[in-house]
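Shown next, in structure tokens, is the structure this report addresses.
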Amino acid sequence: MSDSKSDSKADSKPQSTDPTDAAAHSADELFEFPCDFPIKVMGKSHPDFHDTIVNVLKEFDKDFDVSRVETRPSSGGNYTGLTCTVRAQNRAHLDDIYRALTGHPMVKVVL
């Protein structure tokens, strides 16, 4: 006679304990791709900051519309915030954009 409890354990797949797996799955359900997605990018104020960030975004979307970038200096003028609305094709595309921005030396924060 077979123990049904042990059989069901053998057939079951291990559950992921990585919280980012659940977060990624939830985010995929929240967005219908492709979609317009606003990304906030902050960095030290520099004359080339805006153009540099636009060039990074154009690596992922050659048709990126520069008019969809809003620029705001910090109250002290030491930092600049950009809100860039990108056209995300899928979750992986959006993740690649975030990785490129967060890895750029001029960027302090990406939200």
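Within region 69-79, is there a residue that is surrounded by fewer than 16 Cβ atoms within 10 Å (Cβ to Cβ) and among the aliphatic types (A, V, I, L, M)? No, because not a single residue in region 69-79 is surrounded by fewer than 16 Cβ atoms within 10 Å (Cβ to Cβ) and among the aliphatic types (A, V, I, L, M).
Residues are listed down the side, and each one gets a yes or a no for (1) loosely packed, with under 11 Cβ neighbours inside 10 Å; (2) of a type outside the set (Asp, Glu); (3) more than 17 Å from LEU111 (Cα to Cα); (4) modelled with pLDDT of 55 or more:
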residue	(1), (2), (3), (4)
SER4	yes, yes, yes, no
ASP11	yes, no, yes, no
ILE39	no, yes, no, yes
VAL56	no, yes, no, yes
GLU59	no, no, yes, yes
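Comparison of VAL109, VAL54, VAL69 shows that the only residue that is of a type in the set (A, V, I, L, M, F, W, C) and touching a Leu at 6+ places or on another chain (Cβ under 6 Å) is VAL69.
The values are calculated or read from the model by the stated rules, or taken from the named source; none is laboratory data. The structure presented is a predicted model; accordingly, all values stated were derived computationally and were not measured. Because the Cβ atoms are built from the backbone with ideal geometry, glycine has one as well, and the counts that use them run over all protein chains shown.
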